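Everything below concerns the one structure shown next.
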Amino acid sequence: MAEPMLPVRYRVAGRTVETRDSATLRLVPLGPALDRFRPGQFAMLYAYPVGEVPISISGIGADGALTHTVRSVGAVSRALHDAQPGTVIGVRGPFGTAWAPEDAAGNDLVVVAGGVGLAPLRPVVLAALAARSAYRRIVLIAGARTPDEFLFRAELAAWAARDDLEVELTVDRPADGWDGTVGFVTDPLTRLRLDPERTAAFLCGPEPMMRFSARVLLRDQVPPARIRVSLERSMKCGIALCGHCQLGPLLVCRDGPVVSYAVAEPLLAVPEL
């Protein structure tokens, strides 16, 4: 096991531009790989010499390769976003809790993503499709502000063409040629006919999106313990030492980011938290 505070050197082996401000990096280890990540966990990515930020895993390679989708919103994330193939990046992890899609086996799986929230959920969809016979319905609902702001557009198109995966895409603002849904993710979620005792739901995106989506699921009698959300807070150390990510009784880097809505609901209802 690697020293948790010591970055391990990875090389950018591939870079895919997703949107005007997001890119997906494929990282391969220059030496021994870190322990295998699970869907929902995150790494601390160090852009030498700018700094370090937490980024969720968006793909897990059997060869130890890691895939991260980075949105450029600050100096460090911009340096990571702009990293070209050959760039060396420091990686610490894996950190945090996981979605554990295997816990939903035998049931319907509903995945709801808003914006870049699709990135941490991509490994869930891939894992569920790889074990397709283990699930009943699999439903993916993804929302973006505009059609150009969807991540993984080619992959979404391939998923939508499958007959064993239900895909609903919705945008806030349509563009020429868009023939999908216009509105929030809660609109197609409301139209779903759920079997509440046989449904597991994973939600990731802005907190209001998760809160309103969870309310739709709760109204349809899905138990809060069967709804999981991914919390986002300022995480620095990744190992529950610095306290930057405290959210009520939780240290999100250790107790999250993935928690059940039974845990998250009272915390998300308090704005100052």
**OP:** Please give the solvent-accessible surface of Ile55 in Å², to the nearest 10, using a probe radius of 1.4 Å with every protein chain present.
**Re:** 20
Original post:
So what are the range 77-121's ellipsoid semi-axes, whole angstrom, largest first, if each one is the square root of 5 times an eigenvalue of the alpha-carbon gyration tensor?
Top reply: 30, 15, 9
Subject >> Among Leu250, Leu217, Leu80: highest mean-square fluctuation, GNM of the chain, C-alpha pairs under 10 Å >> reply: Leu250
Original post:
Of (1) 14.2; (2) 21.4; (3) 12.5, which one was derived for mean projected area of the Cα convex hull in nm² from the structure shown?
Top reply: (1)
Subject >> Global size of the range 126-165 as Cα Rg and Dmax, reported in angstrom >> reply: 11.5, 34
Original post:
Heavy-atom accessible area per residue, the range 206-273, 1.4 Å probe: how many Å²?
Top reply: 48
**OP:** Can you tell me the relative contact order of the chain? Whole percent, Cα pairs under 8 Å, sequence separation 6 or more.
**Re:** 17
**OP:** Take the solvent-accessible surface of the protein heavy atoms, probe 1.4 Å, and return the percent of it on the chain that carbon and sulfur atoms account for.
**Re:** 54
Original post:
Where does the range 195-273 land on the Kirkwood hydrodynamic radius, alpha-carbon pairs, in angstrom?
Top reply: 13.0
**OP:** Just need the relative contact order of the range 55-164 here, percent rounded to a whole number, with Cα pairs under 8 Å and 6+ apart.
**Re:** 25
**OP:** Only loop residues by DSSP count here, and only those with at most 15 other Cβ atoms within 10 Å; note down the chymotrypsin sites (Phe, Trp or Tyr not before Pro) in the range 114-199 that meet that.
**Re:** Trp178
Original post:
How are the Cα pair distances of the range 2-54 distributed, in percent, across 10 Å bins from 0?
Top reply: 19, 54, 25, 2
**OP:** Starting from the range 1-44, pick out the trypsin sites (Lys or Arg not before Pro) whose DSSP state is loop and whose Cβ has at most 10 other Cβ atoms within 10 Å.
**Re:** Arg20
Original post:
Can you work out D for the range 115-198 in µm² s⁻¹ from Stokes-Einstein, where Rh is the Kirkwood radius over C-alpha pairs, the temperature is 25 °C and the viscosity is 0.890 mPa s?
Top reply: 180
**OP:** Using the heavy atoms of the protein chains and a 1.4 angstrom probe, tell me the accessible area per residue for the range 1-126 in square angstrom.
**Re:** 39
**OP:** Using only the Cα atoms, work out Rg/Rh for the range 1-148, with Rh taken as the Kirkwood radius, to two decimals.
**Re:** 0.98
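The values are calculated or read from the model by the stated rules, or taken from the named source; none is laboratory data. As the structure is a prediction and not an experimental result, all values here were calculated from the model. As a convention, Cβ positions derive from the backbone with ideal geometry for all residues, glycine included, and neighbour counts pool all protein chains shown. Only protein heavy atoms, including side chains, enter the accessible area calculation; ligands, DNA and RNA are left aside. Shrake-Rupley method; radii C 1.70, N 1.55, O 1.52, S 1.80 Å.
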